[in-house]
Every structure is written in structure tokens, then in C-alpha cells.
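> Following this message is one structure expressed as C-alpha cells.
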Amino acid sequence: MGLDQYAYVANKANQREEFYESCVLENGTFVNPNVSEPIEIAYWRKHPNLHGWMQQLYESKGGSGDFNGDELELTWSDIDMLEHDIKSGVLSGMNTSGFFFGKPSDEFYKEQDLKFCVDAKAECFLGRKVFYNSSW
């Protein structure tokens, strides 16, 4: 068990959940004739400060609860703010902790985080929706 984090592109909110709720396994691949599978653009394993940053964003948008399995749509502005906070060290100063979260891994993920920001902005530019989700 541990903190698993995902960023993906989908056509609408809750598409990931909808896809996996009624998909079937065919020849080793999950398929759903009614809903397309969201496209994963990033995955992190135990990156607690990123999760803490996302949780603060989630709460600023009116979300509440333990922020476990809650989908968060990221706008261009959100991603731009994340990129700034990574580059300026704000993310590293968050000190987010939790039983399943692991130790801070900001330096380990820094290049991947910045690549995610570039990729996610490109998706937004193309008019697609970018989401963050996690499980712990």
C-alpha cells in the first residue's frame, strides 16, 4: 500500500471511474464500448508534497474530505502555478505527510514534474481536460 498518483486526459469529469466501473478484459486489454479510456500522462508513487499541493488546490475549489480517490480538474492556470511552485521551491517546502505517503521525493521527481507541466499545458492548449487523482 502507498500513495499512488495519476494525471490523465479525459473528455469529461469522472470518465476514468466510468470506464473502469464497466470495462471488461479482452486479450489482456481493458475495453469499454461505451466510454473511452482516459490517457494517462503522468504517474507518481509516493510524492507526498505534490499530493499536498493538489489537496490545497482541491480545497480552494470547494473540495473537502481526505482527498483520497477524488478527481481534480487542472486548468492551465493551475498547472502554471504548479510549475512556478516547483521551480521556486514552494512544493519542496510543503512537508506533507501521511501513513502511506512515504518521504519527500521532490528532487527525485522534479524533472518529471516539470515535464508533466509542459505536457499538461499542451493538452489544455488543445482543448482537452486534465485531471489529477490519487489512491492511498
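The values are calculated or read from the model by the stated rules, or taken from the named source; none is laboratory data. Bear in mind the structure is a predicted one, so any value in this text is a computation, not a measurement. Note: ideal-geometry Cβ built from the backbone for every residue, glycine included; neighbour counts use all protein chains shown.
Matching residues to (1) surrounded by 14 or more Cβ atoms within 10 Å (Cβ to Cβ); (2) without any contact (Cβ under 8 Å) to a residue 24 or more places away in the chain:
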{"site": "96", "(1), (2)": "yes, no"}
{"site": "100", "(1), (2)": "no, no"}
{"site": "107", "(1), (2)": "no, yes"}
{"site": "111", "(1), (2)": "no, yes"}
{"site": "117", "(1), (2)": "yes, no"}
{"site": "121", "(1), (2)": "yes, no"}
{"site": "126", "(1), (2)": "no, yes"}
{"site": "129", "(1), (2)": "yes, no"}
{"site": "134", "(1), (2)": "yes, no"}
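> Answer yes or no as to whether residue 37 is in contact with a helix residue (DSSP H, G or I) (Cβ under 6 Å, 6 or more places away or on another chain) and either surrounded by fewer than 12 Cβ atoms within 10 Å (Cβ to Cβ) or of a type in the set (Asp, Glu) (or both).
The answer is yes for residue 37.
> What's the total number of residues in segment 56-80 that are farther than 22 Å from residue 136 by Cβ, surrounded by 15 or more Cβ atoms within 10 Å (Cβ to Cβ) and without any contact (Cβ under 8 Å) to a residue 24 or more places away in the chain?
0
> While we're looking at this one, here's another question. Residues of segment 26-60 being assigned to a strand (DSSP E or B) and either touching a Ser or Thr at 6+ places or on another chain (Cβ under 9 Å) or closer than 15 Å to residue 100 by Cα (or both), which ones? Quick ask: steps written out before the conclusion?
Here is the first cut: in segment 26-60, the residues assigned to a strand (DSSP E or B) are 26, 29-31, 39-45.
If the condition is that a residue be assigned to a strand (DSSP E or B) and either touching a Ser or Thr at 6+ places or on another chain (Cβ under 9 Å) or closer than 15 Å to residue 100 by Cα (or both), then 44, 45 are the ones that fit.
> If I ask for residues that are surrounded by 18 or more Cβ atoms within 10 Å (Cβ to Cβ) and either in contact with a Ser or Thr (Cβ under 7 Å, 6 or more places away or on another chain) or part of a strand (DSSP E or B) (or both), which ones from segment 5-18 would you list?
Those that are surrounded by 18 or more Cβ atoms within 10 Å (Cβ to Cβ) and either in contact with a Ser or Thr (Cβ under 7 Å, 6 or more places away or on another chain) or part of a strand (DSSP E or B) (or both): 5, 7, 8, 9, 10.
Yes/no matrix, rows are residues, columns are (1) modelled with pLDDT under 95; (2) more than 11 Å from residue 132 (Cα to Cα):
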residue: 15; (1), (2): yes, yes
residue: 18; (1), (2): yes, yes
residue: 25; (1), (2): yes, yes
residue: 34; (1), (2): yes, yes
residue: 39; (1), (2): no, yes
residue: 54; (1), (2): no, no
residue: 58; (1), (2): no, no
residue: 62; (1), (2): no, yes
residue: 69; (1), (2): yes, no
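> Going through 11, 95 one at a time, which residue ends up being under 16 Å from residue 130 (Cα atoms), more than 13 Å from the chain's Cα centre (by Cα) and polar (S, T, N, Q)?
Criteria check complete, one pass: 11.
> Looking at 89, 93, 98, 102 in this structure, which one is among the small types (Gly, Ala, Ser), within 15 Å of residue 44 (Cα to Cα) and modelled with pLDDT under 95?
Only one candidate qualifies: 102.
> Among the residues of segment 82-136, which ones are part of a loop (DSSP other than H, G, I, E, B) and within 26 Å of residue 37 (Cα to Cα)? Write out each step before concluding.
In the first step, residues of segment 82-136 are kept if they are part of a loop (DSSP other than H, G, I, E, B); the result is 89-90, 94-105, 126-128, 136.
Selection gives 126, 127, 128, 136.
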